[in-house]
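Below is one structure, written out as structure tokens; the observations come after it.
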Amino acid sequence: MNPSVSSLPRVLVVEDDRGIQELLRFTLVCGSYQPVCADTAEEAETLLRETLPDIALIDWMLPGKSGLALVGKLRNERRTRSMPIILLTARGEEADRVAGLEGGADDYIVKPFSTKELLARVQAVLRRCAPEFAKGTLSAGPIELDTVSHEARVLGLRITLTPTEFRLLRFLMANAGRVYTRQQLLDNVWGDHVYIEDRTVDIHIRRLRVALGPVAEQMVETVRGTGYKLGTLPASPLPAA
């Protein structure tokens, strides 16, 4: 399965230096991310009202409102409180690092930085804060999901998933055992600014079960009155004595 843009992690880049912004954008695209760029904190706030990214890279020294002030505001708003944030800055003193982390950043990258370091830190923060975007292989029972090649297999056999089914399965596998309401699945898989009926989740769950086949479909459990979760395969009945 070739990864579609819609299934890639969304990264908000807030950087006023166009040269650095383009380097960040190019590096993220090459790393299989979907970057959205803003020059100022105010422009970033406008973008955030339209859609919520999966992680943000924010430069400290922005014109007007500083990046650190933007981080503080995002941490004080319910909708963006848990969004992973990496602060970018040329300020490398220990006191500055402490101020950045205490101000709400999940990580702190000092300029100049290598593209390899940037991608490694983005991946590390996503692995801690949003495990569904961790790169590698997710496994649950007979299901394996390769988040790099965007391939899914059941009992070793490759299955075909749509981009939405892939994102839904990836989220459920990364959070196996946890129950999510339809609205929570809409927010995490489709995005919190996508206006669709919550029953749409039921349709995609049904299609996902069909794609998984008769063995693995039982793992996508309906929790009556609540929502859905990825469970384990039911134990086989013991043979009669």
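The values are calculated or read from the model by the stated rules, or taken from the named source; none is laboratory data. Please read these numbers as outputs of a predicted model, since none were measured by experiment. Reconstructed Cβ throughout: ideal geometry from the backbone, glycine too, with neighbour counts over all protein chains shown. With ligands, DNA and RNA removed, areas are computed over all heavy atoms of the protein, side chains included. Shrake-Rupley method; radii C 1.70, N 1.55, O 1.52, S 1.80 Å.
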Could you list all residues from region 161-171 that are more than 12 Å from the chain's Cα centre (by Cα) and within 12 Å of I205 (Cβ to Cβ)? T164, E165, L169
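Going through R207, R199 one at a time, which residue ends up being of a type in the set (D, E, K, R), modelled with pLDDT of 85 or more and open to solvent by 70 Å² or more (accessible area, probe 1.4 Å)? Give the derivation first.
Numbers: R199 fails: modelled with pLDDT of 85 or more.
When all the criteria are applied, what remains is R207.
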Restricted to region 122-143 and to residues being surrounded by fewer than 18 Cβ atoms within 10 Å (Cβ to Cβ) and among the charged types (D, E, K, R), the residue farthest from L23 (Cα to Cα) is R128
Residues in region 11-37 that are farther than 14 Å from L119 by Cβ and in contact (Cβ under 8 Å) with a residue 40 or more places away in the chain total 6
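Please enumerate the residues belonging to region 67-79 that are touching a strand residue (DSSP E or B) at 6+ places or on another chain (Cβ under 9 Å) and closer than 25 Å to E22 by Cβ.
Residues satisfying the conditions are G67, L68, L70, V71, L74.
Has region 157-179 got any residue that is part of a strand (DSSP E or B), outside the structural domain of D107 (by the TED database), of a type in the set (A, V, I, L, M, F, W, C) and touching a residue at least 40 places away in the same chain (Cβ under 8 Å)? Break it down stepwise before answering.
Let us first name the residues in region 157-179 that are part of a strand (DSSP E or B), namely 157-159.
Going one step further and asking which of them are outside the structural domain of D107 (by the TED database), we end up with 157-159.
Keeping just the survivors that are of a type in the set (A, V, I, L, M, F, W, C) gives 157, 159.
After this cut, where a residue has to be touching a residue at least 40 places away in the same chain (Cβ under 8 Å) as well, the list is 159.
Yes, some residue in region 157-179 is part of a strand (DSSP E or B), outside the structural domain of D107 (by the TED database), of a type in the set (A, V, I, L, M, F, W, C) and touching a residue at least 40 places away in the same chain (Cβ under 8 Å).
Only one residue in D54, D59 is open to solvent by less than 30 Å² (accessible area, probe 1.4 Å), acidic (D, E), touching a residue at least 24 places away in the same chain (Cβ under 8 Å) and under 17 Å from E117 (Cβ atoms), so which one is that?
Among D54, D59, only D59 is open to solvent by less than 30 Å² (accessible area, probe 1.4 Å), acidic (D, E), touching a residue at least 24 places away in the same chain (Cβ under 8 Å) and under 17 Å from E117 (Cβ atoms).
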How many residues of region 80-114 are within 21 Å of D16 (Cα to Cα), touching a residue at least 40 places away in the same chain (Cβ under 8 Å) and open to solvent by 30 Å² or more (accessible area, probe 1.4 Å)? The answer is 1
